[in-house]
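Reviewing the structure listed below.
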Amino acid sequence: MRRIFPPEILSRVVHSLAEDAEEDIETLRTLAITSSVFLQPCRSIVFHHIKLDDYRNRIRLHPDSDRKTPGEKILNLLNSSPWVAKYVKKITIYDCFYTSWLANDLKVAEALNKLNLQQIKYFVLHRGFNLPWVLLAPEIKAVIVKICQSSALVHLSLRCTPLSLLGVVRPTHERLEALNTIVNRDEGIKPVPRSQSLSIRTLRIEHTRHLDENIDWLTNSDKNDLRLDALEELRVHTTNEGDHSCVPKLLERFATHIHTCFDIEGCTSLETLSLRVDATQPDFTGGRNCLHWTSNFISRISKSNVVRIHLFLEWELSDAPGDIENPTSLFHSSVYYWLRTLGTAACNAQKFPRIQMLGVELKSRNPFEDDTPHIERFVKQSFERIPRPDLVTVKVLPHTLVATLWH
């Protein structure tokens, strides 16, 4: 008699062969036809994620106007193979160009409504700047709201989209990415009463111009029923001094007893603090103050249970060639001082008694040459002078001369 392994073991075999389904679809398809016992586990990975995107067609020299739209492709798939719907747990919609394909693709709503939207766990909706929500067809807006209302939804990522969509999600939601999201507009999205407050565990928020408005919206209890006291990971991308002054509003929502505006001692669950810093971007006066602001930000935290601090430092030194290796230059001494001050503040055992790691990632955005080795050497020398250099790990990201389109 033939013996069949338990489904859990078969699933582990499939996952070990293709941990990244998007990079190894062919391997999974080949495995699925080798034996019927692998068919269901392979399908559950291949069709776990549906992605609607017109990126490849848009970047062509001559886009094909007769090409099937993303909505038509998914609709054809679901009509020919309706069994696919039961496997879909993640939906991604990329509409990031200066003109919107989503606004004109009415098949999107028809296709997505064929899925079991109540089992969607992950939803990513990223749109481009100046693509108004109001111009989307009512059917498309309605199906987006339905996805956000999934009783299984745990992760929501929004870009250039109304943050008021957060008002319709269920209490199961735990992870939020708010990237250049839109607030303070009447987008016609009515909040839905929840049985309990929405408790966010992971929050990533960034905005190039209106971070303060987004933070005001998140921390305003009159606009949303949101709890941040269970937050475990916070990522904030600040771009100017005003942003740094409004971040404490988020931190104040963590703590039950506030002593200073940077006191996050009451946030006992917060273990990872990640900061992305444009280390060398000059302001309108020519000053390079981002490291200064960041070191002050960390220095003013009174006490925290944070275990890991991650710093992602971006460098653009094309307007200061050679200065980073010239100890007598004002640029070198200023950046060196604030980088060392930043490392000292992050490794302060009195403020962070549980601190175990200061992870530093470096990325050069120099459009003319790869100055990454100089930056790496400079950063390592700066952190050698802090009280706990053993806590520092430095990772260098590869330099790219040609900028790629961010999705």
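The values are calculated or read from the model by the stated rules, or taken from the named source; none is laboratory data. All figures in this text were calculated on a predicted structure; none of them were measured in a lab. So basically every Cβ, Gly included, is an ideal-geometry build from the backbone, and we count neighbours across all protein chains shown. These area figures cover heavy atoms from the full protein model, side chains too; ligands, DNA and RNA do not enter into them. Shrake-Rupley method; radii C 1.70, N 1.55, O 1.52, S 1.80 Å.
What does a probe at Asn184 reach in the stretch 190-222, counting residues whose amide N is under 15 Å from the point 7 Å along Cα→Cβ?
Flagged as within label range: 207-220.
What percentage of the solvent-accessible surface of the stretch 143-223, computed with a 1.4 Å probe over protein heavy atoms, is contributed by carbon and sulfur atoms?
Numbers: 1410 of 3350 Å².
On the stretch 143-223, the fraction of accessible area on carbon and sulfur atoms equals 42 percent.
Could you pull out the pairs from Lys86/Lys141; Lys51/Lys141; Lys351/Lys380 whose alpha carbons sit more than 29 Å apart here?
Working: Lys86/Lys141 23 Å; Lys51/Lys141 17 Å; Lys351/Lys380 23 Å.
Over 29 Å Cα-Cα: none of the listed pairs.
Based on the mean of other beta carbon atoms within 10 Å per residue, what is the order of 92-104, 189-201, 155-167, most packed first? Mind dumping the intermediate values first?
Values: 92-104: 18.3, 189-201: 13.4, 155-167: 21.2.
Ranked by mean Cβ neighbours within 10 Å, highest first: 155-167, 92-104, 189-201.
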